[in-house]
Amino acid sequence: MMTIPFEARRFQSTAAYYTRYRVPYPNELIARVAARAGLTAGERVLDLGCGPGQLGIALARLAGVDVTGLDPEPEMLDAARADAAAAGVDITFAKGSSYDLGPHVAPLKMTVMGRSFHWMDRPATLKALDEITVPDGCIVLFGDRHISSTPDWRQAVNKLAETFSPERNADRERRNGPDWVEHESILLRSPFSDLERISVIRDRMLSLDDIVGRAFSTSVTSPLALGQRAIAFETALRDTLLALSPEGTFAEVVEIGGLIARRG
């Protein structure tokens, strides 16, 4: 089974773009997941691979739970602390990863992961979480699924990624290849084999800056990954997008969901 090699600083240069330009997790979705999982105020929640802490902050605000956020990237943790302070919630953020799971974060009612599970040794992570999660606890994988983009700006971004960031793009392609085992299959072979998905579908209008920011928020075309090619990439991307839409407006339809995994 394929596992992406651990790289602690993979998202070093993306923090400034992540919260603003990634597809957001709607409060409605997070509230529905929290209710379905039976979260009550004061219970412990781990935001694993928390990035700038969007999920943990929302859960602390909406459900009143005790949140710990772990991420290996100091830039992301700085952004998470600033956003938590702005939201008026008290969250513990610490440098760490799935390799640092242990009794110090137990007992957990819920572990949430937002677009981060694929970076981990997934079976080992689930085994470690099984040891520190209460019997009626769960894991929730949050993410988004592209449905459509008009005009097709996603294809334009992907083609430029092949040219400007071939090594990082190859990592992404491996996750789309025949050797990649989907999260659901991994979970079904784990202690957390009772699966349920809750999702919402949204249509969104995007500007030229939104799409450029989205590109810079990913590990494939982050400023760090692009290095000295970042300016040329941005220029090529803006030119390509303007050719697709001279008005500089774009649309996307996306499904944002939470995959709840309980013990079978």
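The values are calculated or read from the model by the stated rules, or taken from the named source; none is laboratory data. Since the structure is predicted, the reported quantities are computational estimates derived from the model, not experimental observations. Glycine gets a Cβ as well: all are built from the backbone with ideal geometry, and neighbour counts include every protein chain shown. Ligands, DNA and RNA are stripped out before the accessible areas are found, and what is left, the full protein with its side chains, is counted by its heavy atoms. Shrake-Rupley method; radii C 1.70, N 1.55, O 1.52, S 1.80 Å.
Quick notes on this one:
- Residue selection: Arg154 fails the criterion of being open to solvent by 30 Å² or more (accessible area, probe 1.4 Å) and within 30 Å of Ile132 (Cα to Cα).
- Counting only residues that are polar (S, T, N, Q), in contact with a Pro (Cβ under 7 Å, 6 or more places away or on another chain) and at pLDDT below 90, region 1-50 holds 1 of them.
- Qualifying residue in region 162-185 (condition: open to solvent by less than 20 Å² (accessible area, probe 1.4 Å) and aliphatic (A, V, I, L, M)): no
- Residue count, region 72-90 (criterion: touching a residue at least 40 places away in the same chain (Cβ under 8 Å), open to solvent by less than 20 Å² (accessible area, probe 1.4 Å) and within 18 Å of Pro24 (Cβ to Cβ)): 1
- Inside region 229-253, residues that are closer than 25 Å to Leu29 by Cβ and surrounded by 18 or more Cβ atoms within 10 Å (Cβ to Cβ) make up a count of 2.
- Taking every residue in region 204-216 that is touching a residue at least 24 places away in the same chain (Cβ under 8 Å) and more than 19 Å from Phe164 (Cβ to Cβ) and pairing it with any residue that is hydroxyl-bearing (Ser, Thr, Tyr) and open to solvent by 10 Å² or more (accessible area, probe 1.4 Å), at least 6 positions away or on another chain, the pairs with Cβ-Cβ distances below 7 Å are Met205/Thr249; Ser207/Thr249; Asp210/Tyr21.
- Contact map, region 16-35: first residue farther than 16 Å from Ile57 by Cβ, second residue open to solvent by less than 60 Å² (accessible area, probe 1.4 Å) and assigned to a helix (DSSP H, G or I), Cβ cut-off under 7 Å, separation 6 or more or different chains; pairs are Tyr17/Gly213; Tyr17/Phe216; Tyr21/Asp210; Tyr21/Gly213; Tyr21/Arg214.
- For region 36-53, filtering for residues that are within 14 Å of Ile91 (Cα to Cα) and buried (at least 22 other Cβ atoms within 10 Å of the Cβ) leaves 8.
- Counting only residues that are under 18 Å from Gly227 (Cβ atoms) and among the polar types (S, T, N, Q), region 154-172 holds 3 of them.
- Those residues of region 211-228 which are surrounded by fewer than 21 Cβ atoms within 10 Å (Cβ to Cβ) and part of a helix (DSSP H, G or I), in sequence order: Val212, Gly213, Pro223, Leu224, Gly227, Gln228
- Region 126-136 - residue that is assigned to a helix (DSSP H, G or I), within 21 Å of Asp66 (Cα to Cα) and of a type outside the set (A, V, I, L, M) and, of those, most open to solvent (accessible area, probe 1.4 Å): Glu131
- Any chance Val200 is in a strand (DSSP E or B), in contact (Cβ under 8 Å) with a residue 24 or more places away in the chain and not polar (S, T, N, Q): yes
- Within region 103-117, the set of residues being outside any strand (DSSP E or B), over 19 Å from Phe11 (Cβ atoms) and open to solvent by less than 10 Å² (accessible area, probe 1.4 Å) comprises Val105 only.
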